[in-house]
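Everything below concerns the one structure shown next.
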Amino acid sequence: MITRDQTLSLVNKYVQTNNSIKHMLATEAIMRSLAKHFNEDEEVWGLSGLLHDLDMEIVDYHLDPALHGVKTVEILKSEDIPQIVFDAILAHNEATGKSRNELIEKCIYSTDPITGLIVASALIRPERNLASLEVKSILKKFKNKQFAAGANRDIIMSCSEFKMELDDFIALSLKAMQSISDDLGL
Ligand SMILES: [Fe+2]
């Protein structure tokens, strides 16, 4: 399987925007924690998180929503990457038509939008960091639909598909992102 260093080189090759790279790193960290939680393969799950938005600066989401994810798989097809990672990348974008069957597919779908909610919740703290952020304050922000409106609440709530309560999912995600706070600059 492709190494993490090789994967990071690919990310840096295709994605220029710093915030996008941070989003992919955050998704990786949460997917790793979820893998640990479910006794699954952390490397494989982390890989799917780190790569899931690789085509974000190539595909126009608004013009061609169904291509987001499909293009990433096309870019990566000659790399040593397990099929389940490709399936997860396709499944994170509902517009591809890929259904969520496997646990990893359900998890990446729900993880994608929670990173944005947590970052936005951290940035409005006086300390502007993750260390001072608590689960209850993220939950409060979750309920305010105007706050970080881009973080789709229904998709985050789909954590029920992998039998996790929202507050547990938020707690796991916050902890995972706190563990890479230097990388995230938060
Ligand atoms: Fe994403």
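The values are calculated or read from the model by the stated rules, or taken from the named source; none is laboratory data. Model, not experiment: these values are computed from the prediction. Cβ sites come from the backbone with ideal geometry, for glycine too, and all protein chains shown count toward neighbours.
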Applying the selection to the stretch 20-60, what residues are more than 13 Å from the ligand (Cβ to nearest atom) and assigned to a loop (DSSP other than H, G, I, E, B)?
Phe38, Asn39, Glu40, Asp41, Ile58, Asp60
Against the conditions (1) away from the ligand (no atom under 16 Å from the Cβ); (2) assigned to a helix (DSSP H, G or I); (3) out of contact with any Ser or Thr (no Cβ under 6 Å at 6 or more places or on another chain); (4) not hydroxyl-bearing (Ser, Thr, Tyr), where does Val119 fall short? Just the number, please.
(1)
Given the conditions (1) farther than 19 Å from Ala29 by Cα; (2) part of a helix (DSSP H, G or I), every one holds for Pro126 apart from (2)
Restricting the stretch 134-186 to residues that are touching a residue at least 60 places away in the same chain (Cβ under 8 Å) and hydroxyl-bearing (Ser, Thr, Tyr), the one surrounded by the fewest Cβ atoms within 10 Å (Cβ to Cβ) turns out to be Ser179
Answer from Phe142, Phe169 - the residue that is part of a helix (DSSP H, G or I) and under 28 Å from Thr72 (Cα atoms):
Phe169
Suppose we keep only residues that are under 19 Å from Leu34 (Cα atoms) and acidic (Asp, Glu) within the stretch 90-133. Which one would you say is surrounded by the fewest Cβ atoms within 10 Å (Cβ to Cβ)?
Glu102
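In the stretch 71-116, how many are outside any helix (DSSP H, G or I) and away from the ligand (no atom under 16 Å from the Cβ)? Let's see the steps before the verdict.
Here is the first cut: in the stretch 71-116, the residues outside any helix (DSSP H, G or I) are 77-82, 92-93, 97-102.
Narrowing the set further to residues that are away from the ligand (no atom under 16 Å from the Cβ) leaves 77-82, 97, 99, 101-102.
Of the residues in that region, 10 qualify.
On the basis of being under 17 Å from Ile75 (Cβ atoms) and at pLDDT 95 or above, does Ile2 make the cut? Walk me through it before giving the result.
Working: under 17 Å from Ile75 (Cβ atoms): yes; at pLDDT 95 or above: yes.
The answer is yes for Ile2.
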Look through the stretch 4-19, keep the residues that are within 15 Å of the ligand (Cβ to nearest atom) and in contact (Cβ under 8 Å) with a residue 40 or more places away in the chain, and return whichever of them is surrounded by the fewest Cβ atoms within 10 Å (Cβ to Cβ).
Thr17
